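The values are calculated or read from the model by the stated rules, or taken from the named source; none is laboratory data. All figures in this text were calculated on a predicted structure; none of them were measured in a lab. With ideal geometry, Cβ positions are generated from the backbone for all residues, glycine too; neighbour counts draw on all protein chains shown. Only protein heavy atoms, including side chains, enter the accessible area calculation; ligands, DNA and RNA are left aside. Shrake-Rupley method; radii C 1.70, N 1.55, O 1.52, S 1.80 Å.
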Amino acid sequence: IDIYSLHVDCKVTSRFARTVVTSRIVNRANESREATFEVELPKTAFITNFSMSIDGKVYPGIIKEKAAAQKEYDTAVSRGQSAGLVKIRDRKLELFHVSVSVAAASKVTFELTYEELLKRQLGKFELLLKVRPKQLVKHFQIDVHIFEPQGILSLETDSTFMTNELTEALTQARNETKAHISFKPTLDQQKVNPGLDETLLNGDFVVRYDVKREATAGDIQIVNGYFVHYFAPSEMPVFPKNVIFVIDRSGSMAGRKMEQTRDALLKILQDLRPEDHFGFVTFSNKVAEWKGSLLPATEENVASAAAFVQTLSARGGTDIGGALLRAVGALDRAESLPERRVAMVILLTDGQPTSGETNVEVIQKNIRKAINGKYALFCLGFGFDVSYKFLEKMALSNGGIARRIYEQADAALQLQGFYQEVATPILMKIEMQYPENAVEGLTKNNFKLFFEGSEIVVSGKISNDLELLPVEIKAQSHMSDLTLKEEANVKEKEQIFQDQKYIFGNFIERLWAYLTIQQLLEKAISAPEEDQKALEAQALELSLQYSFVTPLTSMVVTKPQDQQQGEVANKPTEAG
């Protein structure tokens, strides 16, 4: 089985990326063989299309409601013919895998398309392509086209497998608003050494970039009656933080996890700003507070905290609820500090609650009542013994997010990286306002916090006859209340994209659908049961309308008649 051509074609239009992976395979044996197609894609992406064509006949993937697809294929499962086509690979990627039997001398072409909105983190957008053909490929090519009407500020390509020879196969061309990155290694350049048929291409191919920002009230783009509004202020004073770290030191954290937690906390302590106040609550079956109150992050206090972190050891049960309530109490007592501050709780745990209150629903209710919208709660789940659903619901109900920390060599870096994302809040209570009578289907437009280096994205539909789209942003910064205003001329904005050749025409509408689905699913996690159904029904309708494989839909892969049917691609979620 010979992959004679592999092309990864990625077009990024104003942060929205569409990637098409095409693999052409020929069976050079004189009997039928199995041809396999594997693509590792970002977890944040939705698959939108898949097809294979065998000797010119096309077998498409069909996207259906998950329950319907499941029922159809349960019969196939009972005959032992089914396989899940997508599974979580690691912390950033999931793996799509399909195989088909190919007759002697026959050819098959696989094509997979997926889409995602690139998220700005620490000042950069990152496009991650995984390269792992497992054999030498005669025609191998990666093309990345970027079009950013705001202008491209910085652009870099990074790869884990580059050699001097391979660098020669990489070209990069860019002007003010466009970039094209091409990577086209010859067979010889792909080889580990000339005598062997072993490939060097194995690892990450990453493009990172950022855009220029002129307007204070962000940037508005409009295509076919849909708008997207990007807002990422910079160079603003950072809010002082009240931050309390709630650290699990139950028995299961013993050994490497505790060591990695200590490493990360020592680095995080160094990252605190002098005007921040901080504290620690540690818990097993007992809950302990490091000091009676939050302390300012002076050199002396940070050194004393570092000494304390070094002594952390693990044993006992897991009283998550008690520890969180103690942390919220400490933040309540610190409320009297003058000036505007941002207060947050960062929980790190590797297990389920086993001590104190163990009913997760009661814990969630107690925490929500105690926090009462005043603070943000971030939940980090270490490894796979945590109830991620519980942590995610708790974080989303209290203005924060949850993240799984994978038990790998870089766990300390994952923890530290997470802290860096939330370390510099520069705005709070952000309201993005648009004229009610002119805009519908608006995505989330109120945000609790804005962190330096990230970006707020709001999208919606505008009514047909609108000529000017006025926007108003209200927010609180450390020193003052802000009101920013902007007016977008609809016709002028539409014009920007009319002249672009390689842009897919309805990309803002698809971006809107992608964002809406993600937000509906997220909202459903922390919603009461009766609202959950309605939110999921809405997300399902959009997933089917725009053919996205989301946690509510499945793609049924059709194959030639004589082969086992019954393969379904589902979207895995972190909560399992």
Open item on the list: Condition first: outside any loop (DSSP other than H, G, I, E, B) and open to solvent by less than 10 Å² (accessible area, probe 1.4 Å). Now tell me which residues in the range 126-139 satisfy that.
Closed with: 127, 129, 131
Task: From the options 454, 459, residue that is among the polar types (S, T, N, Q), part of a loop (DSSP other than H, G, I, E, B) and modelled with pLDDT of 95 or more - done: 454
Open item on the list: Just the residues that are under 20 Å from residue 352 (Cβ atoms) and charged (D, E, K, R), please, taken from the range 383-421.
Closed with: 385, 389, 392, 393, 403, 404, 407
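Here's the yes/no breakdown for (1) open to solvent by 10 Å² or more (accessible area, probe 1.4 Å); (2) among the basic types (Lys, Arg); (3) modelled with pLDDT under 90:
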position: 27; (1), (2), (3): no, no, no
position: 32; (1), (2), (3): yes, no, no
position: 35; (1), (2), (3): no, no, no
position: 41; (1), (2), (3): no, no, no
position: 82; (1), (2), (3): yes, no, yes
position: 111; (1), (2), (3): yes, no, no
position: 115; (1), (2), (3): no, no, no
position: 124; (1), (2), (3): yes, yes, no
Task: strands (runs of 3 or more DSSP E) wholly inside the range 163-231 that include at least 2 residues being surrounded by fewer than 13 Cβ atoms within 10 Å (Cβ to Cβ) and in the same structural domain as residue 129 (by the TED database) - done: 170-174
- [ ] Evaluate the following for residue 461: is it farther than 21 Å from residue 124 by Cα and in contact with an Asp or Glu (Cβ under 6 Å, 6 or more places away or on another chain)?
- [x] yes
Open item on the list: Show me the strands (runs of 3 or more DSSP E) found entirely inside the range 367-443 where at least 2 residues are within 25 Å of residue 228 (Cα to Cα) and open to solvent by less than 30 Å² (accessible area, probe 1.4 Å).
Closed with: 425-433
Open item on the list: Which condition from (1) part of a helix (DSSP H, G or I); (2) modelled with pLDDT under 90 is the one that residue 524 breaks?
Closed with: (2)
Open item on the list: All but one of (1) under 24 Å from residue 317 (Cα atoms); (2) not assigned by the TED database to the domain that holds residue 328 hold for residue 370; state the number of the condition that does not hold.
Closed with: (2)
- [ ] Would you be able to say whether some residue in the range 509-526 is under 30 Å from residue 398 (Cβ atoms), in contact with a strand residue (DSSP E or B) (Cβ under 7 Å, 6 or more places away or on another chain) and open to solvent by 70 Å² or more (accessible area, probe 1.4 Å)?
- [x] no
Task: Residue among 326, 341, 273, 333 that is in contact with a His (Cβ under 9 Å, 6 or more places away or on another chain) and open to solvent by 10 Å² or more (accessible area, probe 1.4 Å) - done: 341
Open item on the list: Looking at the structure I just gave you, is residue 256 open to solvent by 10 Å² or more (accessible area, probe 1.4 Å), under 30 Å from residue 311 (Cα atoms) and in contact with a strand residue (DSSP E or B) (Cβ under 9 Å, 6 or more places away or on another chain)?
Closed with: no
